[in-house]
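A short write-up of the structure that comes next.
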Amino acid sequence: MKSAEIQALVASVVERLRGRGLRRTKALDLLITEMAEHGRPMTIADLTATESLSGQCDPATVYRLLMKLEEHGVVRRLGLHDRSTYFILVQHGLHHDYLVCTGCGQIAEIDIECPVRTLERKLEKQSGYHHVYHELEFFGVCPACHDGKEHEGKAHCC
Ligand SMILES: [Zn+2]
Ligand SMILES: [Zn+2]
């Protein structure tokens, strides 16, 4: 993303939060900015290690902020919730679907055109709903986990 787009995304998230009465703090601003700049799903460890947040926030604080953002619908939670959870900012009119490895928990963005868009339009027409959207996660075993299994003959996680 270009820096103008990042700024616009941060501004829109901050605006949505303000509309919901959430108090703006420096830590919250830094977190939203890091997520917008990276533009990909990140774990709590990834976020805590970023330049602006390391030394500012511990993982517990980052977790607490993310829960608040998720509650307000500006952050989406992805991946294996018990082991390997990723977070990404929700962008209106733009979404990605993901592939999650059940072995190691890593996630990959799906790089094929989303077939559900057509269905969304049909749903809007049929139901009278506006702004219909979806979020998809596919689960499977990544090549590294699959190969590890075959070569070593045991369940193995990368
Ligand atoms: Zn894997
Ligand atoms: Zn999709």
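Every residue in the stretch 30-44 that is on the phi < 0 side of the Ramachandran plot and part of a loop (DSSP other than H, G, I, E, B), please.
Correct list: 40, 41, 43.
Within the stretch 138-157, how many residues turn out to be loosely packed, with under 14 Cβ neighbours inside 10 Å and modelled with pLDDT of 90 or more?
5
From the list 83, 77, 121, which residue is among the charged types (D, E, K, R) and touching a Gly at 6+ places or on another chain (Cβ under 9 Å)?
83
Which residues, taken from the stretch 79-107, are modelled with pLDDT under 85 and more than 19 Å from residue 39 (Cβ to Cβ)?
Within the stretch 79-107, 81, 82, 83 meet the criteria.
Please give the number of the condition residue 129 fails out of (1) of a type in the set (Phe, Trp, Tyr); (2) in contact with a Cys (Cβ under 9 Å, 6 or more places away or on another chain); (3) free of Cβ contacts under 8 Å to residues at least 40 places away in the same chain.
(2)
Can you name the residue in the stretch 108-120 that is over 23 Å from residue 79 (Cβ atoms) and surrounded by 11 or more Cβ atoms within 10 Å (Cβ to Cβ) and, of all such residues, is modelled with the lowest pLDDT?
Among those that are over 23 Å from residue 79 (Cβ atoms) and surrounded by 11 or more Cβ atoms within 10 Å (Cβ to Cβ), it is 117.
Going residue by residue through the stretch 95-114, is there one that turns out to be polar (S, T, N, Q), within 29 Å of residue 143 (Cβ to Cβ) and within 16 Å of ligand 1 (Cβ to nearest atom)?
Yes: one or more hits.
Among (1) closer than 20 Å to residue 12 by Cβ; (2) within 11 Å of the chain's Cα centre (by Cα); (3) modelled with pLDDT under 95, which single condition is residue 42 missing?
(3)
Can we say residue 50 is among the polar types (S, T, N, Q) and within 22 Å of residue 6 (Cβ to Cβ)?
Spelling it out, residue 50 is indeed among the polar types (S, T, N, Q) and within 22 Å of residue 6 (Cβ to Cβ).
The values are calculated or read from the model by the stated rules, or taken from the named source; none is laboratory data. Keep in mind it's a predicted model, so treat the numbers as computed, not measured. Every residue, glycine among them, receives a Cβ derived from its backbone with ideal geometry; neighbour counts consider all protein chains shown.
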